[in-house]
Amino acid sequence: MSKTVLFKNITVVTPDEAGKIQVYSDAYVAVRGDRIIYVGEERAQAVRALMEAQRESGGSQIGFDEYSGKDKILLPTFANAHSHIPMVLMRNSADDMSLEDWLFKRILPREEHLRKEDIYYASLLGIAEMIQGGIGASADMYFMADETACAALQAGFRMNLCHDGKFHDESGWKADRAGLRSFRKTFHGAGGGLIRTSLMIHSIYLYPEELYPELVAEAAEEDVSIQVHVAETRTEVANCLSKYGKTPARALADFGVFDRPCIAAHGVHLTEEDMEILAASDVTVSHNPASNMKLASGFADVAGMQRHGIRVAIGTDGCASNNNADFYTDMRLASFIAKGSKFDPLQLPAGDILTMATYNGYRGMGFSDCGRIAAGMMADLQIVNTDTPAMWPVNNPVSALVYSGGVSSVESVMIAGRFVKYHGELTSIDLEKVKAETKKRAAYITQFA
Ligand SMILES: [Zn+2]
C-alpha cells in the first residue's frame, strides 16, 4: 500500500531538470501515492498539497505519516545501469582469474545447470542487497528474465530487464521474435510501470555474424531498447579487429545495434571514433569501475566520454565479478579512478558522480520520471542517516554522500511511493527464507565447474 508521507526538515540533494546537483536545507517533501507532490521550504504548503491530493483522489486515508529529517539526507535512489543479478549465486566462487577464463571455464559451464527457481531466489537476494544499499532500480542482463521480473514485482523493485531473444536449433542460432514479444507483452509496464523490457545482445563476441541484424530487427519490431557489453577488455577489441576489421563499437553500429536506445556496458577501450559513434546515438554507457578493476579490464575514460557528450551512468556488474552490489563503493571508485588515472583531482567531482548515479542511470533505463526530487516525479527516494562517526560532521552533503557515505548509512528506501526498506528493515522480502534457499542453490550450481 502506498503511503502518504511528509519528510520534514530534511536536507535534499537532487539533480535539477538539467542534471545539475542542487542542495536544499530544512526542506519539506510530500509524497502521495507513487509521486512526489511537493518539494520546498513551506510546511503549510506541503500539508495543503497533501490534503488537496487526498480530497481529489477520494481516498479513505486521513492524515499522513511524518518522517523526521534531522541529520538526514534525502536523495533519489540509485539507478544501477548494469547488473546480472542472479549471479549472486556464484558470489566469491570464481575469483582472481582472467575475464576469458572466468567466463568460459567457470561461469558458462555452471549456467547450463541453472533452474528457474534458482534464478527467482537469486534475484530476490540480489534485489534485497540492492535495496539495502540505496539502489532503487537496475538494468539487468541475464537469462530466464521472467523469473527476475517476478522477483522484482514481488519486491516492489524497479527494473529494465532484457530478454535473451535468441534460440538454438539444428541449423544454428536464430532470433526468437515470439519469445521477445511474449516477454514484452507480459512484463512491459507491469507493477504500475515498475518493469521495462529490452533485448539482450550480450556482446560482439557471442553470436554468429548474421544474427546481429536479425536481433536488431527484432528489437525494432517490438520497439524495445537493447542492453549490450561493449569494449570491456583488450582481448575483445583485438578479436573483433581480427574478425571484423573494426572495433566492437564500430561493428555493433554497422549492424544497427545503436539505432535503438541502448545501455552499453563497460566502454573501457573506446577510440575517439567509438566515442563519436556512441555520442551520436541514444546510448548510455554504464561505467562499472569495481568490476573493471577486479577483472583487470582497465580504466574507462569517463571524462573523455563526457567531453564527447555521451551519457554515462554507473553499474555494479554481476556479483560473480565485483563481488557485491555496493553502489557507494562504485561511486567512490568512479571518482577516484578518474582522478588517479589522469593525475587530476578535478576530474569527476562528487556532483557529477551523483548525477551519473541517479539522473543518467534512470534516463538510460527509460524511466525519465525518476532520478530527481521534484513535484510530479516518481517517489523513488533514499534516506541517508548522517548521524554516524563516518559521516560527521557533514559540512558538504554532496561530498558526504560520495566520499564518506556507505551502504550502512542508508536508513530507508522508497520505490514508487512504497517503503521497501524502513528504518533499517526490508519490508517486501523475507530475507531469512531467501538466504536459506540461495545457500542451498549456490551449493548445487557451483559443483559443476
Ligand atoms: Zn556485464
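The values are calculated or read from the model by the stated rules, or taken from the named source; none is laboratory data. Just so it is clear, the model here is predicted, and its values are computed rather than measured. Cβ atoms come from the backbone with ideal geometry, glycine included; neighbour counts cover every protein chain shown.
Table for the structure above
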| quantity | calculated |
| --- | --- |
| Qualifying residues in region 73-114 (those that are surrounded by fewer than 20 Cβ atoms within 10 Å (Cβ to Cβ) and basic (Lys, Arg)) - the one farthest from the ligand (Cβ to nearest atom) | LYS105 |
| Selection count where residues are assigned to a helix (DSSP H, G or I), at pLDDT 95 or above and not acidic (Asp, Glu), scope region 235-267 | 16 |
| Boolean, ASP330 is away from the ligand (no atom under 16 Å from the Cβ), within 22 Å of the chain's Cα centre (by Cα), at pLDDT 95 or above and among the charged types (D, E, K, R) | no |
| Residue in region 323-334 that is in a loop (DSSP other than H, G, I, E, B) and either closer than 24 Å to GLU273 by Cα or in contact with a helix residue (DSSP H, G or I) (Cβ under 6 Å, 6 or more places away or on another chain) (or both) present | yes |
| Every residue from region 163-176 that is crowded, with 16+ Cβ neighbours inside 10 Å, outside any strand (DSSP E or B) and either charged (D, E, K, R) or modelled with pLDDT of 90 or more (or both) | ASP164, ASP176 |
| Members of region 118-127 that are closer than 17 Å to ALA79 by Cα and surrounded by fewer than 24 Cβ atoms within 10 Å (Cβ to Cβ) | none |
| Criterion violated by ASN292 - all others in (1) part of a loop (DSSP other than H, G, I, E, B); (2) crowded, with 19+ Cβ neighbours inside 10 Å satisfied | (1) |
| The listed residue being touching a Ser or Thr at 6+ places or on another chain (Cβ under 8 Å), hydrophobic (A, V, I, L, M, F, W, C) and assigned by TED's automatic domain parsing to the domain that holds LEU99, out of ALA303, ALA334, ALA313, ALA338 | ALA313 |
| Residue match in region 115-134 (condition: in a loop (DSSP other than H, G, I, E, B) and either touching a Gly at 6+ places or on another chain (Cβ under 9 Å) or under 28 Å from SER409 (Cβ atoms) (or both)) | yes |
| Some residue of region 381-388 being among the aliphatic types (A, V, I, L, M), touching a helix residue (DSSP H, G or I) at 6+ places or on another chain (Cβ under 8 Å) and buried (at least 17 other Cβ atoms within 10 Å of the Cβ) | yes |
| Among (1) assigned by TED's automatic domain parsing to the domain that holds MET378; (2) at pLDDT 95 or above, the one test that ILE62 misses | (2) |
| Contacts under 8 angstrom Cβ, first residue in region 72-98 being within 28 Å of LEU401 (Cα to Cα), partner β-branched (Val, Ile, Thr) and within 12 Å of the ligand (Cβ to nearest atom), 6 or more apart | ASN80/THR316; ALA81/ILE263; HIS82/ILE263; HIS82/THR316; SER83/THR316; MET87/ILE107 |
| Residue tally, condition exposed (fewer than 13 other Cβ atoms within 10 Å of the Cβ) and touching a residue at least 24 places away in the same chain (Cβ under 8 Å), over region 399-449 | 1 |
| Residue ranges of strands (runs of 3 or more DSSP E) in region 45-105 with at least 1 members under 28 Å from GLU437 (Cα atoms) | 78-83 |
| Qualifying positions in region 208-259 - of a type outside the set (A, V, I, L, M, F, W, C), crowded, with 18+ Cβ neighbours inside 10 Å and touching a Leu at 6+ places or on another chain (Cβ under 8 Å) | TYR212, GLU218, GLU222, SER225, GLN227, GLU232, THR233, THR247 |
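Residue-wise test of (1) more than 16 Å from the ligand (Cβ to nearest atom); (2) under 26 Å from HIS168 (Cα atoms); (3) in contact with a Gly (Cβ under 8 Å, 6 or more places away or on another chain).
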site	(1), (2), (3)
LEU206	no, yes, no
GLN227	no, yes, no
ARG234	yes, no, yes
VAL268	no, no, yes
LEU295	no, no, no
